[in-house]
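Below is one structure, written out as structure tokens, with a few remarks after it.
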Amino acid sequence: MTVEQIPVTTLASGHRLELTVRTLRGASEGPRMVMFGGIHGDEPMGSETVRRLLEAIDPAELTGTIVAVPVANPYAHQALTRNTPLDGVNLNRIFPGSRGGSVTEQLAAVLCEILDGADYFIDFHSGGNFATVEYAYIHDAGAEMSRAYGTSLLYHGHPYIGSATGWALDKGVRCMVSELGGGGQRIEEYLKRGIDGTRNVLRTIGMLPGEPVPPPADQVIVETLTTLSPSVGGTVLSDFGAVRLGERVPKGTILARVVSPYTSEELEVITAPYEPSILVLGREHLTNVAPGDYGFMVADGATAKPA
Ligand SMILES: [Zn+2]
């Protein structure tokens, strides 16, 4: 294992921003797998998944090379924020960035240099500080990874414009985005699933020895996944937290009420839009929201097909 510090830029404070890259070279030649954690700083699950994976994989049994950036956005990681606090930019919307740009644009540019030439890429995300999520993207290039990862729900969606995955897919890299855990709930269970799932991906693409475990029998691919964001801020009360992810609920089911902690008025009611709606991202019983926050995510159950 090698650890390298890649210079990004120097801040006005005089502090030098670097990205830490850890490289695990296998005993035999093979594919180059790039992994990112912590593109969003309020998703430390991804960084921890990468960290534990690197500790768990024996280079003697590895074919090829794993190049990992456990914390892709160090200032957001420090602040526990989705966007970089220095310039307010969402790193996963501005790829390929620019070497002459703002801090976040420069981070993206350096991450592209690391991604360039990869055969495979896994980007580890999760819910944010108050939300727990459970699915993986499935892209045509890299679909075998998503199936092997083993989540029951796979989303066949376009990557966001300006995302690391969008950039990598254009370069011909086989990609998967993991969206697992977050919100402080069932953390060890989700870490185990992320690590076991990734090991199964590595077996499937021939980077680790052994027979891959088949995907779960209930694995489905959905075409439509919607984020339900409250249009007003306030206190959210919900019975749809981490333990209910994957549940199918009828259209119109009340997922949450947004109430004013000032006047006690009910400001908004969030309901399930599809018949049925599959719960993909949920919030714990009592959380605060700002207008436009990720409230819930639901998939259209009518589009679900066996994977
Ligand atoms: Zn994320």
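The values are calculated or read from the model by the stated rules, or taken from the named source; none is laboratory data. The model shown is predicted, which means the values in this text are computed figures rather than measured ones. FYI the Cβ positions are ideal-geometry reconstructions off the backbone, even for glycines, and counts take in every protein chain you see.
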Original post:
When you look at Val289, is it of a type in the set (A, V, I, L, M), over 24 Å from Gly181 (Cα atoms), surrounded by 15 or more Cβ atoms within 10 Å (Cβ to Cβ) and not assigned by TED's automatic domain parsing to the domain that holds Ile195, yes or no?
Top reply: no
**OP:** Have a look at Ser126, Ser163, Ser178 and point out the one that is in contact with a His (Cβ under 7 Å, 6 or more places away or on another chain) and closer than 17 Å to Gly46 by Cβ.
**Re:** Ser178
Original post:
Within the range 87-101, which residues are in a helix (DSSP H, G or I) and either away from the ligand (no atom under 16 Å from the Cβ) or surrounded by fewer than 21 Cβ atoms within 10 Å (Cβ to Cβ) (or both)?
Top reply: Arg93
**OP:** Keeping to the range 52-73, report how many residues are on the phi < 0 side of the Ramachandran plot and surrounded by 18 or more Cβ atoms within 10 Å (Cβ to Cβ).
**Re:** 12
Original post:
Of the residues in the range 254-270, how many are exposed (fewer than 15 other Cβ atoms within 10 Å of the Cβ) and under 25 Å from Gly184 (Cα atoms)?
Top reply: 4
**OP:** Could you please find all residues in the range 268-294 being within 17 Å of the chain's Cα centre (by Cα) and either at pLDDT 95 or above or assigned to a strand (DSSP E or B) (or both)?
**Re:** Leu279, Val280, Leu281, Gly282, Arg283
